[in-house]
1. Less than 17 Å apart at the alpha-carbon level, and either on another chain or at least 8 residues along: which aspartates and glutamates does that give for Lys210?
2. Rounded to the nearest 20 Debye, what is the dipole magnitude of the range 312-425 about its Cα centre when Lys and Arg each give +1 and Asp and Glu each give -1 at the C-beta?
3. Under 17 Å from the 7 Å Cα→Cβ point of Val434, by amide nitrogen: which residues of the range 253-275?
4. What shape does the range 28-99 have by the C-alpha gyration tensor, where a ≥ b ≥ c are the square roots of the eigenvalues, rounded means a/c under 1.5, and otherwise prolate means a/b greater than b/c and oblate the rest?
5. To the nearest 10 degrees, how steeply does helix 268-286 sit against the main Cα axis of the chain, on a 0 to 90 scale?
6. Only loop residues by DSSP count here, and only those with at most 13 other Cβ atoms within 10 Å; note down the chymotrypsin sites (Phe, Trp or Tyr not before Pro) in the range 101-141 that meet that.
7. May I ask you to give the average projected area over all directions of the convex hull of the Cα atoms of the chain, in nm² rounded to one decimal?
8. Note the direction-averaged projected area, equal to a quarter of the hull surface, for the Cα convex hull of the range 334-474, in nm².
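Values in this text are rule-based calculations from the coordinates and carry no lab data. Because the structure is a prediction, the values reported are computed rather than measured. Neighbour counts run over all protein chains shown; Cβ positions are idealised from the backbone, glycine included.
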Amino acid sequence: MAAHQEKKRSEERKHKNTQNDTQTSQVQWGRAWEVDWFSLASILFLLTFAPLIVYYFIMSCDQYQCSLIDPLIDLLSGNKHLSDIWNKTPTLTYRAAGIYTLWVTFQVFLYVFVPDFCHKFLPGYVGGVQEGAVTPAGVVNKYEINGLQAWIITHVLWFANAYYFHWFSPTIIFDNWIPLLWCANILGYAVSTFAMIKSYFLPTNAKDCKFTGNFFYDYMMGIEFNPRIGKWFDFKLFFNGRPGIVAWTLINLSYAAKQQELYGQVTNSMILVNVLQGIYVLDFFWNEAWYLKTIDICHDHFGWYLGWGDCVWLPYLYTLQGLYLVYHPVQLHTANAIGILILGLIGYYIFRMTNHQKDLFRRTNGNCKIWGKKPEYIECSYMSVDGTKYHSKLMTSGFWGWARHFNYTGDLMGSLAYCVTCGFEHILPYFYIVYMTILLTHRCIRDEHRCFSKYGKDWKRYTAAVPYRLIPGIF
């Protein structure tokens, strides 16, 4: 890449890991160039059943008090037909359409037109204009990092309305939850379809597009790497973070407000869900600049998987614990509540500190201290697609010496904490931990396949030094 060759040696050393990853990623990462039958079958399964799964979960709460079994029993026994369930499902309303349109428009406004000011007075926060990783075409995109600011503004207005203006009820999200589901689906499919059409006729960068010729695979996994409108509206960053994740905490607050309305109190389990998931959301926005170097932004193309997933899957299935607690309020014993809080906080600490150790190691090229001493690592070398040999380091100290993906372990601990707040009467609130276990295990495999292709025998040396993926001594 010409831009890479023109950089000074010091700049090369600072950025080479990201750039090298991108150079090799054109054939090893992201989405495929050719589609095998297994991949196509998986894609068709998800395109067909993922929307039905979301509907089934939300319908189960609305019509069956969050039981996942009772709808099946009714259908199999002949007590009800699919049409009976469908006819009882709330339809799209003008009110929901107005709410959703206003919501997305407001988030677009905050994203595009309100430059970040939080980085000017919050010590340690990195915001404002930041550079992403180098794309396979050699482009370095710039982003306006202002997610934390958008989250703060949105929530200040939410609480101002709840306690002062009273423009709308804090239960507005719960009260329109299923009609809003249809709005979210419309946006998810619309943006995914638009992104695909755009990639054919007006791509942001034609060299960063991947075409397999298979319509279903291209539609789901995306063709364009970084579809954009104008200078700042980046589809991938906006939809990954803004409508869904900013809404995550608002959705939980609406659930808490509904609990208060129905039962006259907010249970400690609902408070725990709001607090623990709120920490996760705030962490995401505090580290939004760091997020630019993660799998979602660095390697995934933008298609239905991200477009529909961020509009529908994330806000509707990641918030099932709060929804369940509206229908089944749980007041935990104090000792149990404290234990769950500790589990969640330890999980968050492991997640954050593991990522911090890796980031510190990379930024300093290993010239730092991890747990009070100089980190240990394995020297690796690899070849880029243009035949150039590069060198890298894989850390084997700190949490990264315990397991190769110990940050995922902390994430799973936090996920489990969300779920156990709901008790053990129903399996519905445990969907999240099951899903995250599958998702993160699959990410481990994807990541290690890429690393083995990249480092070869050096990767074998690394796995020998750090033999476990997630749980030391077990897996």
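1. Filter leaves Glu34, Asp36, Asp218, Glu224, Asp296, Asp300.
2. In debye, rounded to 20, the range 312-425 gives about 560.
3. Under 17 Å, as judged by backbone N against the label point of Val434, lies no residue of the range 253-275.
4. Oblate is the answer for the range 28-99, as a/c is 1.5 or above yet b/c matches or exceeds a/b.
5. 30
6. Taking the range 101-141 and a limit of 13 other Cβ atoms within 10 Å, the loop chymotrypsin sites (Phe, Trp or Tyr not before Pro) found are Phe117, Phe121.
7. 25.0
8. 10.3
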